[in-house]
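Below is one structure; the comments refer to it alone.
The values are calculated or read from the model by the stated rules, or taken from the named source; none is laboratory data. Keep in mind that this is a model prediction, so the values were computed, not measured. Ideal geometry is used to build each Cβ from the backbone, glycine not excepted, and the neighbour counts take in all protein chains shown. Surface accessibility is based on the protein's heavy atoms, side chains included, excluding ligands, DNA and RNA. Shrake-Rupley method; radii C 1.70, N 1.55, O 1.52, S 1.80 Å.
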Amino acid sequence: MDLFRRKVPDTETRSSGTGYTAAIMAAREAYISGASGLAELTATAQTCVSLWEGGLSLADVTGTDLLTPSRLARTARSLALRGEAVWLIDDMGLIPASDWEVSTRNGEPRAYRLSIPDAGGGATRTALAAEVLHFRASVDVSTPWAGSAPLSRARLTAGMLNALELALGEVYDNAPLGSQVVPFPESPETDLETLARRFRGSRGRVLLRESVNVTAAGGPAPVQDWAPRNLTPDLSGAMTKESLDAARNGILAAFGVLPGMLSPSVTRPMVREAQRHLAQWALQPLAALIAEEASTKLGAEVALDTMRPLQAFDAGGRARALSTIVGALAAAKEAGVDPAQALKLVDWQE
């Protein structure tokens, strides 16, 4: 009768911490912490992300009603932090995907397995490539189906900024900033250790310790030994300010933001030039990539313009040029020259 009985194995199998579940959890943690896991949550990075969100949300969209300002803002944030953004084309509009797996053929996406976020728990849906808007930035030739975030391309700068912030945080947390101590002679080693531990974290106070003059070891203590000593560490030799500014400027440049825009001595012309640079060399190329993907998948000619809404053009230069042209046409008319011929002459000279 043993032939019909189910045999129970003697060994018990348990899930291992290095199995598939652990790998998925590690991948999810890496996704949440960012591509580099270091500087995604610094103020410099969030300033650049906010500039991307605001610039793309104000873009003029023609050819479709699906790319609303809120969706463009979320797309910009995903492009800034992850380098890519995925939207599912549905009868309800565009549905964002929090995570996805892609199947490719000849380097081009063929099908997607999307994780759709929901308040009551996410759902997984499978869609063809034609049903998905996949926006990618800074695509590498070895992985043409995936984008890369600016911080993942500037890991050295992000790592240096993170190390400096951690070091400065420890200094401001533990160093006795603004504290002073009055030395005193003839103390046991245990008392000195206790005194040193009490100095930690004591900021802005004068730490006084009473003592008496002694005649041991050659006479009383000199009077100048009782002068107070400052305990604030000198960080100027470590060039922390210069290193912090260099790391911050590197992150700003990686996002396409001119470092002079956040300088304390910035002027209005510099702010205007920085805004124009951000719109021309960072946001408008992203808008062109978004418009290309939307035109391919939505079946209509889609165009995005970030220059006009952000006013990223030299308004003063255009006004001066127009005033010069109007004055030249008036002078040509007074001299008996045909204005149309004058304009043709100007165009020919240009």
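Taking the listed residues Leu304, Leu252, Leu289, Leu298, the one that is out of contact with any strand residue (DSSP E or B) (no Cβ under 8 Å at 6 or more places or on another chain) and of a type in the set (A, V, I, L, M) is Leu252, with no other qualifying. Here Ala119 fulfils each of the conditions (1) farther than 21 Å from Gly83 by Cα; (2) among the aliphatic types (A, V, I, L, M); (3) part of a helix (DSSP H, G or I); (4) open to solvent by 80 Å² or more (accessible area, probe 1.4 Å) apart from (3).
Can we say Leu164 is assigned to a loop (DSSP other than H, G, I, E, B), buried (at least 18 other Cβ atoms within 10 Å of the Cβ), under 26 Å from the mean Cα position of the chain (by Cα) and not small (Gly, Ala, Ser)?
Working: assigned to a loop (DSSP other than H, G, I, E, B): no; buried (at least 18 other Cβ atoms within 10 Å of the Cβ): yes; under 26 Å from the mean Cα position of the chain (by Cα): yes; not small (Gly, Ala, Ser): yes.
Against the criterion (assigned to a loop (DSSP other than H, G, I, E, B), buried (at least 18 other Cβ atoms within 10 Å of the Cβ), under 26 Å from the mean Cα position of the chain (by Cα) and not small (Gly, Ala, Ser)), Leu164 does not qualify.
Please find, among Arg205, Arg209, the residue that is at pLDDT below 75, over 41 Å from the mean Cα position of the chain (by Cα) and surrounded by 11 or more Cβ atoms within 10 Å (Cβ to Cβ).
Details: Arg205 fails: over 41 Å from the mean Cα position of the chain (by Cα).
It is Arg209.
From the list Thr157, Thr143, Thr126, exactly one residue is polar (S, T, N, Q), free of Cβ contacts under 8 Å to residues at least 12 places away in the same chain and out of contact with any His (no Cβ under 9 Å at 6 or more places or on another chain). Which is it? So that I can check it myself, show each step before the final result.
Values: Thr157 fails: free of Cβ contacts under 8 Å to residues at least 12 places away in the same chain; Thr126 fails: free of Cβ contacts under 8 Å to residues at least 12 places away in the same chain.
Selected residue: Thr143, the only one of Thr157, Thr143, Thr126 that is polar (S, T, N, Q), free of Cβ contacts under 8 Å to residues at least 12 places away in the same chain and out of contact with any His (no Cβ under 9 Å at 6 or more places or on another chain).
In region 42-82, how many residues are open to solvent by 50 Å² or more (accessible area, probe 1.4 Å) and either hydroxyl-bearing (Ser, Thr, Tyr) or without any contact (Cβ under 8 Å) to a residue 40 or more places away in the chain (or both)? The total comes to 9.
Scanning region 129-144 for residues that are of a type in the set (Val, Ile, Thr) and either assigned to a strand (DSSP E or B) or surrounded by 14 or more Cβ atoms within 10 Å (Cβ to Cβ) (or both) gives Val132, Val139. Residue pairs whose Cβ atoms lie under 6 Å apart, sitting 6 or more positions apart in sequence or on different chains, and linking a residue in region 83-108 that is within 12 Å of Leu128 (Cα to Cα) and touching a residue at least 24 places away in the same chain (Cβ under 8 Å) to a partner that is open to solvent by 50 Å² or more (accessible area, probe 1.4 Å) and in a loop (DSSP other than H, G, I, E, B), are Val102/Trp145; Thr104/Trp145.
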